[in-house]
Amino acid sequence: MVKAHANNRVASLIKGFTLPLEEFLQFMKGAGVVISGSGALHVVQPGHFHPADLDLYAPFGYLEAIHRFLIETTQYILVFDEPYPRSRPGSNAGQVNENPTGIRVVRYYVNTLSGKVINVIETRLAAAPSAVFMFYSTYVMNFITGSTVVCAYPLMVERHVGLLNTYRERIPYKMARCLKKYVGRGFAVLDSASDWQPDHKCGESLYCAETTRVITDGATLRILFGENGGREQDLIDPGLRWKLASRFRCHSLSEADKSFPRSGMVVSRGSALSE
């Protein structure tokens, strides 16, 4: 995917949700907001589906900035606002997190003219991309900044496969729903990197769950787009690093030896998330 294609795809995505292109890209750059989810995957690997909604990830403390932009410059209205995940009865809002994510609050907006839906997600950390690496599979670990398209596992996305990002033996219901949706879109889910590269070196291969990755490493696809994109890629946090969670060993001698649950982590600007 060359720069011109990336530029056209990003522009088409943003305009498709009736957002003012240049104003919105400038806002994204200034606020550190990123596009992720199915919209970002559609830009990286188009042609297999069209995103039904647009996921915007805002860094901690910038939720109101996005709200003002949408209310003042577009026809979107707020229809839902709630801490994430929903709290159990008797608990303090936002305190209970049975399925850890990098998400703090979710808001839903609907365009009164087009009916388009935008999901605005406030992240727990100061860098919005931190939440992306807590997602359930590597094929959705993509995001778009105000000038750069980022794909963490491009070879896997190209072949429509992804590693599962959980240590839980039993996959949570919400995660299972998301996986089912993308299986329906032609993506396969792998339990370990040995299903992808049988002879890989565990802990060294950049497609292995045991390997700690950094967003500037050689496996990450980063494409600068736009006429005013600038000379430098905008990665929000160039030092962001992560390690996937996993349920199984990459290489085991027997089925009995295969299970080996390990939690994952994301570190950004001195703060950490774990799954």
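The values are calculated or read from the model by the stated rules, or taken from the named source; none is laboratory data. Keep in mind the model is a prediction, meaning the values are calculated, not measured. Please note: Cβ atoms are built from the backbone with ideal geometry, for glycine as well, and neighbour counts cover all protein chains shown.
Just one of (1) touching a Gly at 6+ places or on another chain (Cβ under 9 Å); (2) in contact (Cβ under 8 Å) with a residue 40 or more places away in the chain trips up Val43, so point out which.
With (1) touching a Gly at 6+ places or on another chain (Cβ under 9 Å); (2) in contact (Cβ under 8 Å) with a residue 40 or more places away in the chain applied to Val43, the lone miss is (1).
Just to be sure I understand, how many residues within the stretch 101-123 are modelled with pLDDT of 95 or more and buried (at least 21 other Cβ atoms within 10 Å of the Cβ)?
So the answer is 7.
Cβ-Cβ below 7 Å, separation at least six or inter-chain, first residue in the stretch 131-147 and within 12 Å of Val34 (Cα to Cα), second among the basic types (Lys, Arg) and part of a helix (DSSP H, G or I): which pairs?
What qualifies is Gly146/Lys29; Ser147/Lys29.
Regarding Ser205, is this residue buried (at least 17 other Cβ atoms within 10 Å of the Cβ), polar (S, T, N, Q), over 23 Å from the mean Cα position of the chain (by Cα) and under 19 Å from Thr138 (Cα atoms)?
Numbers: buried (at least 17 other Cβ atoms within 10 Å of the Cβ): yes; polar (S, T, N, Q): yes; over 23 Å from the mean Cα position of the chain (by Cα): no; under 19 Å from Thr138 (Cα atoms): yes.
For Ser205, the condition - buried (at least 17 other Cβ atoms within 10 Å of the Cβ), polar (S, T, N, Q), over 23 Å from the mean Cα position of the chain (by Cα) and under 19 Å from Thr138 (Cα atoms) - is not met.
Can you name the residue in the stretch 250-272 that is charged (D, E, K, R) and within 22 Å of the chain's Cα centre (by Cα) and, of all such residues, is farthest from Val132 (Cα to Cα)?
Start the filter on the stretch 250-272 by keeping residues that are charged (D, E, K, R), which leaves 255, 257-258, 262, 269.
Cutting the leftovers down to within 22 Å of the chain's Cα centre (by Cα) gives us 262, 269.
Working: Arg262: 19, Arg269: 15 Å.
This residue is Arg262.
With respect to Ser205, determine if the residue is touching a Lys or Arg at 6+ places or on another chain (Cβ under 6 Å), assigned to a loop (DSSP other than H, G, I, E, B) and over 30 Å from Asn7 (Cβ atoms).
no
Taking the criterion of being assigned to a strand (DSSP E or B) and either among the aliphatic types (A, V, I, L, M) or at pLDDT below 90 (or both), would at least one residue in the stretch 236-257 satisfy it? Don't jump to the end; show me each part of the working.
The initial filter retains those residues of the stretch 236-257 that are assigned to a strand (DSSP E or B), namely 241-243, 246-248.
From the residues that got through so far, the ones that are either among the aliphatic types (A, V, I, L, M) or at pLDDT below 90 (or both) too are none.
Within the stretch 236-257, none of the residues are assigned to a strand (DSSP E or B) and either among the aliphatic types (A, V, I, L, M) or at pLDDT below 90 (or both).
Give the residues of the stretch 258-274 that are crowded, with 18+ Cβ neighbours inside 10 Å and in a loop (DSSP other than H, G, I, E, B), sorted by residue number. Before you say what the answer is, go through the steps one by one.
Keep residues of the stretch 258-274 that are crowded, with 18+ Cβ neighbours inside 10 Å, which gives 264, 266-268, 273.
Within the stretch 258-274, just Gly264 meets the criteria.
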